[in-house]
Amino acid sequence: MNDLSPSRQPVPPHPANAARIGIGGPVGSGKTALIEALLPVFQRRGISVAVVTNDLVTAEDAERLRRSGIIDPARVLAVEAGACPHTVIREDPTLNILAADELDARFPGLELVIIESGGDNLASTFSLDLVDWWIFVIDVAGGGDIPRKRGPGVLQCDLLVVNKVDLAPHVGVDLDAMLEEARAVRGGSPLLATACRAGINIEAVADAICAAVLIRR
Amino acid sequence: MDASALLLALRFGDTAFPSGGFAFSQGLEGLGAVSGARPDTDAIAGFLTEQVRHRWGSAERVTLVQCHRGDGDLDAIAALDHDLDLSSFSEPLRLGARRNGAALLATHLRLGTPGAAAYRARVADGAAPGTLAAVQGLLWRASGLDEASAALLAGYQLVTGGLTAATRLGLIGALGAQQAMPALLATVAAVCAEPVASDAEPVGFSPFSDIAAARQARLPLRLFSN
């Protein structure tokens, strides 16, 4: 456990008020960067948000968000994944459920809990016991052939985000072909191309989240 | 053991049952930092044997059995829960037991196990620490698991959890873990054969494990919660 861990006592029995979404994807694809880009958008829209991170061996992502100045540090909890980033979001999401319950109880009026998975591979998927809706993030620098590999994460997520599109010309990726393949393997399910660092299409991702789980927004 | 009891024990002992236990190494992740060397199979088996004999067997198991006998008497169970919590010297192990207990409670709350909601409320109010052993005794009794099976199951989970953690840490292979398991399970069986008196108190003493857990808590890179 660490200073960012949830408290060791369960919170009072409490209906889950806040919507819970997952953000998964391979290491370095930009999951934390996407959250960093989304938080100011939600803040401008007046949406109350908290975050649970699942760092693999450190609390680095949680620390990064807490120190970013864009969210109250108390609204960021870190859950250890026990070397099993798949398990903690799918087969046994109990510790993440506990963390989300704690945030729900700690912040009345909380509307959205973002659960960021540890960096993983294309087989990573979220349990619907844990989240209402989830995003999978891949990036062009990881290779233009990622959609063609048809990983469960790419196929099953509610929204596929293809990040770092501004890097495509620098890493030899045909972006149009990559996006076309992604649309084809997903059978037309939602997809957005982003560049989190450049702020490209972040509003569109926020719109998709709001439309999916924050209807009144 | 009849078929239904065996199947119930298999259900609760299976990693398919969500309890959060996979994220806890009970200090094993800190073993290398204590010994100064990469732990081998003998070191891992020795670590787990100490835990089974001198911590779990004489402390957690006692509380589990007595809470099982409590048969849903939440006041009595909370008192036993407090005793175990207070008797746990190691902070990482003590807090890990609470958090692991909270995770098991959260699952049983959603499954509607009798007593889960009421005990979770007590823990939330600070009226009980909610250690894993106390929660196991309460919930497994409420689920229909007999006392002997409950104790054996908890011991089995301690051993398999430790060996699985060692496997994930790359200290031992899955086959090596299975080679170490028979002797460890024999230790669990021997410990569980010792009766638990109604007035027995939890008296765990496993300083090496406590030191390993303390070292684990200070590791810059950690995979496990404790």
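The values are calculated or read from the model by the stated rules, or taken from the named source; none is laboratory data. Just so it is clear, the model here is predicted, and its values are computed rather than measured. Ideal geometry is used to build each Cβ from the backbone, glycine not excepted, and the neighbour counts take in all protein chains shown. Protein only, heavy atoms only, side chains kept; ligands, DNA and RNA dropped before computing areas. Shrake-Rupley method; radii C 1.70, N 1.55, O 1.52, S 1.80 Å.
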* Structure fact -> For A:Thr53, the lone unmet condition from (1) within 21 Å of B:Arg218 (Cα to Cα); (2) within 12 Å of chain B (Cβ to nearest Cβ); (3) not basic (Lys, Arg) is (2)
* Asked: So which helices (runs of 4 or more DSSP H) are wholly in the range A:104-217 and hold at least 2 residues that are touching a residue at least 40 places away in the same chain (Cβ under 8 Å) and open to solvent by less than 20 Å² (accessible area, probe 1.4 Å)?
  -> A:202-213
* To do: Would you check if B:Val135 is within 12 Å of chain A (Cβ to nearest Cβ) and modelled with pLDDT of 95 or more?
  => yes
* Taking the range B:79-89 as the search range and keeping residues that are over 15 Å from B:Arg141 (Cβ atoms) and touching a Pro at 6+ places or on another chain (Cβ under 9 Å), which one is most open to solvent (accessible area, probe 1.4 Å)? -> B:Phe89
* To do: Considering (1) modelled with pLDDT under 85; (2) in contact with a Lys or Arg (Cβ under 6 Å, 6 or more places away or on another chain); (3) open to solvent by 50 Å² or more (accessible area, probe 1.4 Å), say which one A:Pro10 fails and leave the rest.
  => (3)
* Structure fact -> Among B:Ser90, B:Ser35, B:Ser58, the single one that is of a type in the set (Ser, Thr, Tyr) and free of Cβ contacts under 8 Å to residues at least 12 places away in the same chain is B:Ser35
* Structure fact -> So, first residue modelled with pLDDT of 90 or more in the range B:199-226, second residue surrounded by fewer than 19 Cβ atoms within 10 Å (Cβ to Cβ) and assigned to a loop (DSSP other than H, G, I, E, B), Cβ within less than 6 Å, six or more apart or across chains; the pairs are B:Asp210/B:Phe89
* Asked: Of everything in the range B:90-114 that's more than 9 Å from every other protein chain (Cβ to nearest Cβ) and open to solvent by 30 Å² or more (accessible area, probe 1.4 Å), which residue is nearest to the chain's Cα centre (by Cα)?
  -> B:Glu91
* Being among the acidic types (Asp, Glu) and not in a helix (DSSP H, G or I), is that true of even one residue in the range B:77-94? -> no
* Structure fact -> Residue count, the range A:86-103, condition open to solvent by less than 10 Å² (accessible area, probe 1.4 Å) and closer than 24 Å to B:Asp14 by Cα, comes to 8
* Asked: From A:Gly188, A:Gly144, A:Gly151, which residue is modelled with pLDDT under 95, farther than 11 Å from A:Gly24 by Cα and in contact with a Leu (Cβ under 7 Å, 6 or more places away or on another chain)?
  -> A:Gly151
* **helices (runs of 4 or more DSSP H) completely within the range B:138-226 that count 1 or more residues being more than 30 Å from B:Gly72 (Cα to Cα), touching a Phe, Trp or Tyr at 6+ places or on another chain (Cβ under 9 Å) and open to solvent by 30 Å² or more (accessible area, probe 1.4 Å)** => B:147-168, B:207-218
* Structure fact -> Picked from the range B:26-48 (must be touching a Ser or Thr at 6+ places or on another chain (Cβ under 8 Å) and within 14 Å of another protein chain (Cβ to nearest Cβ)), the residue nearest to B:Asp210 (Cα to Cα) is B:Gly27
* Mind checking which pairs have a first residue in the range A:67-81 that is more than 22 Å from B:Leu223 (Cα to Cα) and a second that is open to solvent by 10 Å² or more (accessible area, probe 1.4 Å) and in a loop (DSSP other than H, G, I, E, B), Cβ under 9 Å, 6 or more apart or different chains? -> A:Asp72/A:Phe107; A:Pro73/A:Arg67; A:Ala74/A:Phe107; A:Arg75/A:Ser48; A:Arg75/A:Phe107
* To do: Exactly one condition in (1) farther than 21 Å from B:Ala213 by Cα; (2) modelled with pLDDT of 95 or more is not met by B:Gly101; state its number.
  => (1)
* Spot the failing condition for A:Ala100; the list is (1) within 16 Å of the chain's Cα centre (by Cα); (2) modelled with pLDDT under 90, and only one is missed. => (2)
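Just to be sure, is B:Thr63 hydroxyl-bearing (Ser, Thr, Tyr), more than 10 Å from chain A (Cβ to nearest Cβ) and open to solvent by less than 10 Å² (accessible area, probe 1.4 Å)?
yes
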* **Search result, residues across the range B:115-137 that are open to solvent by 20 Å² or more (accessible area, probe 1.4 Å), more than 17 Å from B:Pro202 (Cα to Cα) and in contact with a Lys or Arg (Cβ under 9 Å, 6 or more places away or on another chain)** => B:Gly115
* Restricting the first residue to the range B:117-129 and requiring it to be more than 7 Å from chain A (Cβ to nearest Cβ) and among the basic types (Lys, Arg), which pairs with a second residue that is part of a helix (DSSP H, G or I) and surrounded by fewer than 24 Cβ atoms within 10 Å (Cβ to Cβ) meet a Cβ separation below 8 Å and a spacing of at least six or different chains? -> B:Arg122/B:Leu74; B:Arg122/B:Ala78
